[in-house]
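All remarks here apply to the structure that follows.
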Number of protein chains: 2
Amino acid sequence: MDAADLFKALSDPTRRTILDELQQSDGQTLFEICGRLIMKHGLSSSRQAISQHLAVLEEAGLVRTRREGRYKFHHLDTSPLRSIVDRWPFDKE
Amino acid sequence: MDAADLFKALSDPTRRTILDELQQSDGQTLFEICGRLIMKHGLSSSRQAISQHLAVLEEAGLVRTRREGRYKFHHLDTSPLRSIVDRWPFDKE
DNA sequence: TTGACAGGCAAGTGGCGACTTGCCTATAAA
DNA sequence: TTTATAGGCAAGTCGCCACTTGCCTGTCAA
């Protein structure tokens, strides 16, 4: 949840693509995310790899999860990004 | 200058500290930055290490340089950070 | 011109991170 | 109760990245 976790989470291209996917369709399960990454982005990572990516994103606070039976839904939370702009402000158009 | 370069540049804690330093005092030389990192932040990286960090920051467009004789001044440019907020918007207070 | 100062280039090393592999748990359907 | 489905855990491999080391270039003062 600190700066190190946040920037570490953002440093990987697959994780950034996952954020894009969740932004486009929020609340997906692990298997849905895997499928979309393969279909729409041509990525062929294993389920475990994606699971580990999601854990990193969750630790950074960028993804929040919700359990429901045997499903686990993943939700995007962009609010941690605010800290970046707070730290190094830029002119807002 | 693309997303990969930007997030790669931000992924290292020493590079983020350099951005902090330049924000506080813009237009420093390599040796000045080295000195401040040691004095104020307790970091003991070699000159070459800092030089390589600055090259990464420059490639990401976060640092711009200006040559003057045997001195090279480094300037902070936070505008590339705008692309992060554009990609994953969050509510602006 | 000689020395000090500011910086650059390139090869080598070590550790961390992304990914795989194999097996395990839990929920729900047949 | 079986079988399939959704996900988790942990050890091991491999490549990249931060950092060092050594030497070189260019600028300016003595």
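The values are calculated or read from the model by the stated rules, or taken from the named source; none is laboratory data. The structure displayed is predicted, hence computed values, not measured ones. For neighbour counting, all protein chains shown are included, and Cβ atoms are generated from backbone atoms with ideal geometry for every residue, glycine included. Please note that ligands, DNA and RNA were not included when accessible areas were found on the heavy atoms of the full protein model with its side chains. Shrake-Rupley method; radii C 1.70, N 1.55, O 1.52, S 1.80 Å.
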| Estimated dipole of the protein assembly as shown in Debye, rounded to 20 [Cβ of Lys and Arg +1, of Asp and Glu -1, Cα centre] | 380 debye
| Simple label model, 7 Å out from Cα along Cβ direction - A:Lys72 to B:Arg64, nm | 4.6 nm
| task | For A:His75, go 7 angstrom from Cα along the Cα-to-Cβ vector, then report the distances to that same point in the other copies in nm, smallest first. | result | 4.5
| note | Gyration tensor on Cα atoms of region B:3-80, a ≥ b ≥ c root eigenvalues, a/c under 1.5 rounded, else prolate if a/b beats b/c, else oblate, says oblate
| For A:Lys40, which lysines qualify as cross-link partners when the Cα separation must be under 27 Å and same-chain residues fewer than eight apart are set aside? | A:Lys8, A:Lys72, B:Lys8
| message | Tell me the total accessible area that B and A bury against each other, 1.4 angstrom probe, in square angstrom rounded to 100. | response | 2100 Å²
| task | Between the label point of B:Asp86 and that of the same position in each other copy, find the distances and list them shortest first in nm, with every label point placed 7 Å from Cα along the Cα-to-C-beta direction. | result | 2.5
| Hey, in the GNM for chain B with a 10 angstrom Cα cutoff, which one of B:Glu68, B:Glu21, B:Glu59 fluctuates hardest? | B:Glu68
| note | Other residues with Cβ under 12 Å from the Cβ of B:Ile38 give, with Lys and Arg +1 and Asp and Glu -1, a net charge of +1
| request: Between the label point of B:His41 and that of the same position in each other copy, find the distances and list them shortest first in nm, with every label point placed 7 Å from Cα along the Cα-to-C-beta direction. | output: 2.9
| request: Work out how much length A:Arg87 to A:Ser44 would gain on full extension: take 0.36 nm times their residue separation and subtract the Cα-Cα distance, in nm to one decimal. | output: 11.9 nm
| note | With a 1.4 angstrom probe the carbon and sulfur portion of accessible area for the protein assembly as shown, in percent, totals 49 percent
| said: About the Cα centre, and with charges only on the beta carbon of Lys, Arg (+1) and Asp, Glu (-1), how big is the dipole of region B:3-80? Nearest 20 debye, please. | reply: 220 debye
| task | Using a 1.4 angstrom probe, figure out how much accessible area chain B has per residue, in square angstrom, rounded to the nearest whole. | result | 56 Å²
| Helix by helix, which DSSP H runs in chain A go 15 Å or more along their axis at the Cα atoms and have an average Kyte-Doolittle hydropathy of 1.0 or more? | none
| query | In chain B, what residue has the beta-carbon at the shortest distance from the axis of the rotation relating B to A, and what is that distance in angstrom, rounded to the whole number? | reply | B:Ser11, 2
| Distance from the Cα centre of region B:1-35 to that of region A:7-60, in angstrom? | 28 Å
| query | How much mean residue ellipticity at 222 nm does chain B get from its helices, if each DSSP H run of length 4 or more adds -39500 (n - 2.57) and you divide by all residues, to the nearest 500 deg cm²/dmol? | reply | -16000 deg cm²/dmol
| field | Full-extension gain in nm, B:Ala55 to B:Ala4, via 0.36 nm per residue minus C-alpha separation | value | 16.9 nm
